[in-house]
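The values are calculated or read from the model by the stated rules, or taken from the named source; none is laboratory data. None of the values given here were measured: they were computed from a predicted structure. Every residue, glycine among them, receives a Cβ derived from its backbone with ideal geometry; neighbour counts consider all protein chains shown. The area values use the complete protein model at the heavy-atom level, side chains included, leaving out ligands, DNA and RNA. Shrake-Rupley method; radii C 1.70, N 1.55, O 1.52, S 1.80 Å.
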Amino acid sequence: MTTSFSFMTIDAAARRVSLDARDPAFYGDPNPVYAALHAHCPTFFWEEQKLWYVSGYDQVNALLRDRRFGRQILHVASREALGMAPPLPHLRHFDAAEAWSLLELEPPEHTRLRTLVNRAFVSRQIERLTPEITALANRLIDGFVKDGRVELLSAFADVLPVTMIARMIGIPDEMGPQLLKWSHAYVRMYMFGRTETDEHAADRAAAEFADYVRTVIAERRARPGDDLLTHMIHTEHKGQFLSEDELISTTIVLLNAGHEATVHQIGNAVRSILDSGLPVGPMFADGRATERTVEECLRISAPVHIFQRYALEEVELDGIRFRRGDKVALILAAANLDPKKFSDPLTFRPARDEGPNLSFGAGIHFCIGAPLARLELAIALPLLFKRLPKMRLAAKPAVKDVYHFHGLERLDLAW
Ligand code: HEM
């Protein structure tokens, strides 16, 4: 069947969907498309991506926790056995930086590394950052409050998360702009339609990033500080210290994963609130109301829409047979809009209390930075609306052409 969207056709009987991810009408506002998929074909083969996609809340939630699927496959089978292409020589620095990334590991390696960094990210520890995040957010707002207008992403959203994660790790604030450059080049690797030029840029960024982290590790070995990197260097797990490569990968994944999504989410949340036209006062009336508003923003405009898994063994799921090594993609942002889970799912309802959204994932890879991202949002959003009560959109924001990430090109505001 065709749908009311010019860029999508759904063959519900065969569970096949043709959808142009580069069409601005889609990536600019994917939520109505997700609603159509829920109505006609929540599990489907996406012709252009040549992969099965799952969008139902219960299915995505179960798959994220299903140990028959993993983010990695090479711990259970070789490339040759799986018929996988050999690693690309021009990505060797990138691959080296990824080798010990939490996101690329499965137990027992994953458990060992995650245990070592987890303590720093639990809510109790993160809450201690409240005064520092508040002071930084206030200082950034001080910088533009008198101007009557601002491009919020560059003046605020880009700066807050990278500064906080860098400080936690023990990297000076001045490195912020450079970290952003490396990170932007690096994360292009995860986007639809990456080119060889992107790959070369990502590899260069990985090489420079790793060299820089190596120098910071050497400094911390010589002069320990009160920061996460020092803690990682000196903490052992079952008698073993982290190797230099493990330290570098872990630092890079924390720095990259640690801000990119939060930057987008600050922009998406401000836009969702302004677009709703609802009174802002009740959204931030107290801690509980703020928490629900933050969750509703994460539900309805998640910053990262898709994550993938490998089948680690032969599995049948929703009537589809996966062989070992096959991939399946999970649309977290669509799961958040499943009408079986959330009532009137396309409507922004800040007081909604219908259970967790899946924007931070679930299971063993559940976002380690969720308490930090939630705290940054719970501080930044009320503060922005309190200090700039007349804030409004100065221009219709354009969404970046980087599906499956969902973030704005710019967010021009005036008051
Ligand atoms: C709104 C902001 C954020 C969103 C929506 C988000 C989303 C996610 C999601 C969905 C995953 C799981 C991926 C999967 O299962 O395949 C994940 C993992 C991860 N996130 Fe976040 N994230 C955010 C902010 C952060 C921050 C601030 C940090 C800083 C430390 C961070 C660090 C990580 C790391 C290290 C992982 C890998 C965890 C593991 O594999 O064990 N994220 N994130």
Contacts under 6 angstrom Cβ, first residue in region 346-358 being farther than 14 Å from residue 269 by Cα, partner acidic (Asp, Glu) and open to solvent by less than 20 Å² (accessible area, probe 1.4 Å), 6 or more apart: 352/296
Residue match in region 394-414 (condition: of a type in the set (Phe, Trp, Tyr), more than 11 Å from the ligand (Cβ to nearest atom) and surrounded by fewer than 18 Cβ atoms within 10 Å (Cβ to Cβ)): no
Those helices (runs of 4 or more DSSP H) lying entirely in region 87-160 with at least 2 residues in contact (Cβ under 8 Å) with a residue 40 or more places away in the chain, surrounded by fewer than 16 Cβ atoms within 10 Å (Cβ to Cβ) and in contact with a Ser or Thr (Cβ under 6 Å, 6 or more places away or on another chain): none
Residue count for region 213-225, restricted to those that are free of Cβ contacts under 8 Å to residues at least 24 places away in the same chain and either farther than 27 Å from residue 184 by Cα or within 28 Å of the chain's Cα centre (by Cα) (or both): 5
Leading residue by the ranking (farthest from the ligand (Cβ to nearest atom)) among those in region 245-259 that are under 15 Å from residue 121 (Cα atoms) and not small (Gly, Ala, Ser): 251
Region 1-37: number of residues that are among the basic types (Lys, Arg) and in a loop (DSSP other than H, G, I, E, B): 2
Single match in 292, 324 (criterion: away from the ligand (no atom under 15 Å from the Cβ) and outside any loop (DSSP other than H, G, I, E, B)): 292
Single match in 56, 83 (criterion: open to solvent by 60 Å² or more (accessible area, probe 1.4 Å), small (Gly, Ala, Ser) and either more than 16 Å from the ligand (Cβ to nearest atom) or under 19 Å from the mean Cα position of the chain (by Cα) (or both)): 83
Criterion (away from the ligand (no atom under 16 Å from the Cβ), over 25 Å from residue 288 (Cα atoms) and either out of contact with any His (no Cβ under 7 Å at 6 or more places or on another chain) or of a type outside the set (Asp, Glu) (or both)) met by exactly one of 346, 317, 330, 312: 317
